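> This is the structure, below, for whatever I ask next.
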Protein chains: 2
Amino acid sequence: MSDPLREPTFLILTALVDEPMHGYGLIAEVDRLSEGRVALRPGTLYGALDRLTDDGLVARDREEVVDGRLRRYYRLTPGGEGALRAETERMRRHVETATLRLQGRTA
Amino acid sequence: MSDPLREPTFLILTALVDEPMHGYGLIAEVDRLSEGRVALRPGTLYGALDRLTDDGLVARDREEVVDGRLRRYYRLTPGGEGALRAETERMRRHVETATLRLQGRTA
DNA sequence: AGCAATATATCGGACGCGAAGATATGCTCG
DNA sequence: CGAGCATATCTTCGCGTCCGATATATTGCT
């Protein structure tokens, strides 16, 4: 398999599951998804979107101009959804493993 | 809070929950914990142990010589256990969030 | 008029990981 | 008995992702 996704990348993909979003909108959505814990920075965001586009996990969607400002939308590709599912499952296993170990805490 | 732990680091801490282990032993234990999915490399392992020691998440334990070879043991510190618990909880939230989104998949 | 918010983008540095290799010892099997 | 493999630690170098900072442009709000 591939490398684990880092936290910002994981949350970007998660945010795009429901519907296409534009970059700046993702900042607010990731903030919401993470309950204020993850504040996406521009450098991280746009770098990640370029990379994910190159890797085929997201794709450029429509463009809109609202209030004279360009919004560039991105959507999750099937490959991106698959990657997110795989990553979620990987994390789920690790959480399970660690939780079990931390419960049986006697040594 | 602090930065997320990367996968190898997370598994090293998890492996040390039960009892102190030496570096080379951790390679086998992480392999087992991850069901063969994560093969810890020497560069990653010893780099991580030095870093985690500096950060106070693990500490040097006893040293043994077995068959003429030195074994340098490390143990999880209270701070290390706390960091592992926090990280596990963080991942658990992300897994939950992503799982919910992926389930309600209609768009 | 001026400042915050919206929206995109780029650049440099930090940091963890992986690949590769160096070094040393002892066990095993042909 | 000798060669190779497993055990055990450690270092160096490059890469990828993220962050901090900065740049630029437009509109809304006070």
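The values are calculated or read from the model by the stated rules, or taken from the named source; none is laboratory data. Note that the structure is predicted; figures quoted are calculated from it, not measured. Here Cβ is always computed from backbone atoms with ideal geometry, including for glycine, and neighbour counts include all displayed protein chains. Note: areas computed on protein heavy atoms with side chains; ligands, DNA, RNA excluded. Shrake-Rupley method; radii C 1.70, N 1.55, O 1.52, S 1.80 Å.
> Once Lys and Arg get +1 and Asp and Glu get -1 on their Cβ, which of A:1, A:102, A:30 lies farthest toward the positive end of the dipole of region A:1-103?
Result: A:102.
> Give me the net charge for the shell around residue B:93: Cβ to Cβ below 9 angstrom, other residues only, Lys and Arg +1, Asp and Glu -1.
0
> Average partner chain C-beta neighbours within 10 Å, per residue of A:85-96?
Per-residue shielding by partner chains comes out at 6.
> How far is it, in nm, from the label point at residue A:54 to the one at residue A:103 when both lie 7 Å from their Cα along the line to the Cβ?
Placing both labels 7 Å along Cα→Cβ, they lie 4.3 nm apart.
> In whole angstrom, note down how far apart the Cα centers of region B:1-34 and region B:66-87 are.
Cα centres, region B:1-34 to region B:66-87: 8 Å.
> Residues of region B:1-31 that become at least 40 Å² less accessible with every protein chain present than in their own chain isolated, using 1.4 Å: which are they?
B:6, B:7, B:14, B:17, B:18
> Which value, in debye to the nearest 20, describes the size of the charge dipole of chain A about its Cα centre when Lys and Arg Cβ atoms bear +1, Asp and Glu Cβ atoms bear -1, and nothing else is charged?
It comes to approximately 380 debye.
> On to the next question. What FRET efficiency do you get for residue A:85 and residue A:62 if R0 is 25 Å and r is their Cβ-Cβ distance, rounded to the nearest 0.05? Kindly include the intermediate steps, with their values, before the conclusion.
Working: r = 25 Å, r/R0 = 1.01.
Efficiency, from the Cβ-Cβ distance: 0.50.
> How much accessible area per residue does the protein assembly as shown have, counting only protein heavy atoms and a probe of 1.4 Å, in square angstrom?
Each residue of the protein assembly as shown exposes 57 Å² on average to a 1.4 Å probe.
> Here is a further query. For the protein assembly as shown, what is the mean residue ellipticity at 222 nm derived from helices alone (per DSSP H run of n ≥ 4: -39500 (n - 2.57); sum divided by total residues; nearest 500 deg cm²/dmol)? Numbers along the way, then the final one.
Numbers: 8 runs with 118 residues, N = 214.
Dividing the helical sum by the residues of the protein assembly as shown leaves -18000 deg cm²/dmol.
> How much of the accessible area of region B:7-103, in percent, comes from carbon and sulfur atoms when a 1.4 Å probe is used? Let's see the in-between values first.
Details: 2440 of 5020 Å².
After summing per-atom areas, the C and S share lands at 49 percent.
> Say R0 is 35 Å: what FRET efficiency, to the nearest 0.05, do residue A:28 and residue A:1 get from their beta-carbon distance?
With a Förster radius of 35 Å, E is 0.65.
> Also, quick follow-up: Can you give the angle from 0 to 90° between the axis of helix B:23-33 and the longest principal axis of chain B, with both taken from C-alpha atoms, to the nearest 10?
30
> Please compute, for peptide B:57-68, the average count of beta-carbon atoms on other protein chains lying within 10 Å of each residue's beta-carbon.
Working: counts 0, 0, 0, 0, 0, 0, 0, 0, 0, 0, 0, 0.
Across B:57-68, the average partner-chain Cβ count within 10 Å equals 0.
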